[in-house]
Amino acid sequence: MTSLKALSTSVGSKFLVALTGLSLVGFLIAHLIGNLLLLAGPDTFNAYGHALISNPLVIPAEFGLLGLLLLHIYKALRHVLLGRRARPHRYTMRQWAGGPSRKSWSSTTMAVSGVILLIFLVTHIATFKFGPYYPSADEGVRDLSRLVQEVFSSPGYVVFYVVAMGIIGMHLRHGISSAFQSLGLMTPGWTSAVLSVGLGLAVILAGGFALIPVWVYLFL
Amino acid sequence: MNVHLKVWRQAGPAAPGGLVDYTATGVSADMSFLEMLDSVNETLIARGEDPIAFASDCREGICGTFGVMVDGRPHGPDPCTTVCQLHMRRYNDGDTIVIEPWQARAFPLIKDLVVDRTAFDTIIQAGGYTSVNTGGAQDANAILIPKTVADEAMDSAQCIGCGACVAGCKNASAALFTSAKITHLSLLPQGQMEAPTRVVAMIEAMDTSGFGGCSNEGECEAVCPKGISLKNIATMNREYRKALFANR
């Protein structure tokens, strides 16, 4: 069996969803740490942004992230569509099983939360990466801090971001632990730890990202 | 007591289906769910009507032949209990019970509550066995297997192939059924030799039979009458990963 064919089975496809998803979680961790520099002051944040954009590896990294995202979306959508096709007739009555089931609002809305996050991502990139260029006092350094403060001076934008971060938290709550299960890394001894870490990481990432617009709106 | 039933009636695979109302009268609390259905069918036959079609065999919860959705849950309300072991003492006089067949593309409906689960046989035929020439029966202690491993293998081998995992999964996935057999055999020395080819063949058979993929929600484990754990699916995924590297 070729590797390509092996990765197109239902189990192989979920390997890819898991690997791309965990890679994107890694990006989110780095992104959050970078964003939190905003709390250290505008100069630190602008210097970080400048250092990032000046790195010659940033363009390949961005294309890499785009590739990961597209593969994640393609394989996840295919998984959802296969599931729909596998049950052409719905039940008249349906109950959640409860007990040991890990089914949650988070797990049942993965496709919906994913689509909302995609819309958010486009808006987010358009607002900041391709938003207005404000020069800072330092020659050639973009004043990203000013742009962030302008955007988050609007309560509507702050609410939009906080809600979007809530949705990303929901997506990650199921996504992180599910990825470990898909990769076969969820052994009995580690199950509760992986579930807890997945939930904890989802809360930290969503809470950390949501903190920034609220902080900027209230204190900057 | 009397209970009201809403039973899925469908004359054949292509015929239109829908819920039909019946009332089971004089139901004893000691009756099993199947005996209650038997009594309804006797009434229908006496009236010259077509009885409700359902498949049953041992009625002891070990053959997996009878499986239906009861009030939107495979095998009904009791955990780790087949619907044939569900008893009417669980219900009160005047209750309404909704009974539907498994719904999955891979389990085409034959009639009323009977579905064709040949797809499970197809998966087993793809690799759910050991093709080892055993020769004469050897001493039982010739191959030592730790008790904990034997217990785990037995836990996985408890699957009765009823199809509740498929029925309860939002994707109609057969991952729990397939992984139970893969895990059972991969834990034991007799099954380990063919583990890489088995896992690949059985997953391919699962996919081509028309089942969906696993979303790791665990509804299958919660509705499984034998309590087959989700850890079997993790083992299957691990075995598949190992097989991919082993083949390179």
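Bear in mind that the values in this text are calculations on the coordinates, not laboratory data. Here the structure is a predicted model, which is why all the values come from computation and not from measurement. All Cβ positions, glycine included, derive from the backbone under ideal geometry; neighbour counts span all protein chains shown.
Averaged over peptide A:9-19, the number of partner chain Cβ atoms lying within 10 Å of each residue's Cβ comes to 6.
Per-residue ellipticity at 222 nm for chain B, helices alone: DSSP H runs ≥ 4 residues times -39500 (n - 2.57), over residue total, nearest 500 deg cm²/dmol?
-11000 deg cm²/dmol
So what's the back-of-envelope 222 nm ellipticity for chain A, counting only DSSP H runs of four-plus at -39500 (n - 2.57) apiece and dividing by all residues, rounded to 500?
Calculated at 222 nm, the ellipticity per residue is -24500 deg cm²/dmol.
Result for chain A in a Gaussian network model with C-alpha springs under 10 Å: among A:A111, A:A202, A:A193, the largest mean-square fluctuation is at A:A193. Within the shell of other residues whose beta carbon sits under 12 angstrom from the beta carbon of A:V17, the net charge comes to +3, with Lys and Arg scored +1 and Asp and Glu -1. A Cβ-based charge dipole, computed about the Cα centre of the range B:80-220 with Lys and Arg at +1 and Asp and Glu at -1, lands at about 80 debye.
Suppose every K and R has +1 on its Cβ and every D and E has -1 on its Cβ; what is the size of the dipole of chain A about the Cα centre, in Debye to the nearest 20?
Charge dipole, chain A, about its Cα centre: 1560 debye, nearest 20.
For chain B, the ratio of Cα radius of gyration to the globular rule of thumb 2.2 N^0.38 Å stands at 1.13. Other residues lying with their Cβ under 12 Å from the Cβ of A:G198 contribute a combined charge of +2, Lys and Arg counting +1, Asp and Glu -1. Between the Cα long axis of helix A:110-128 and the first principal axis of chain A there is an angle of about 10°, rounded to the nearest 10. Using the empirical formula 2.2 N^0.38 Å as the baseline, the Cα radius of gyration of chain A reaches a ratio of 1.16.
Length gained on full extension, A:L118 to A:L70: 16.2 nm, using 0.36 nm per residue less the C-alpha separation.
Modelled spin-label separation between A:W215 and B:E60, with each label point placed 7 Å from Cα along the Cα-to-Cβ direction: 6.6 nm.
Its Kirkwood hydrodynamic radius, worked out from the mean inverse distance over all distinct Cα pairs, puts the range B:47-146 at 17.0 Å. Cα-Cα over 26 Å: which of A:K14/B:K111; A:K103/B:K111; A:K14/B:K242; B:K170/B:K242; A:K5/A:K129? The answer is A:K14/B:K111; A:K103/B:K111; B:K170/B:K242; A:K5/A:K129.
When restricted to Cα atoms, the protein assembly as shown yields an Rg and a Dmax of 27.1, 95 Å, respectively.
Given the options A:R85, A:R102, A:R173, which has the most mean-square fluctuation in a GNM of chain A, springs set between C-alpha atoms less than 10 angstrom apart? Of A:R85, A:R102, A:R173, the most mobile in the Gaussian network model is A:R85.
With a cut-off of 13 Å between beta carbons, the residues surrounding A:H50 carry a summed charge of -3, where Lys and Arg count +1 and Asp and Glu -1. Judged by the mean number of other Cβ atoms found within 10 Å, the most tightly packed of the peptides B:140-146, B:74-80, A:34-40 leads the ranking B:74-80, A:34-40, B:140-146. Dipole check for the protein assembly as shown: with +1 at the C-beta of Lys and Arg, -1 at the C-beta of Asp and Glu, and the Cα centre as origin, the magnitude is about 880 Debye. Restricting the calculation to alpha carbons of the range A:78-201 gives Rg and Dmax of 20.2, 66 angstrom.
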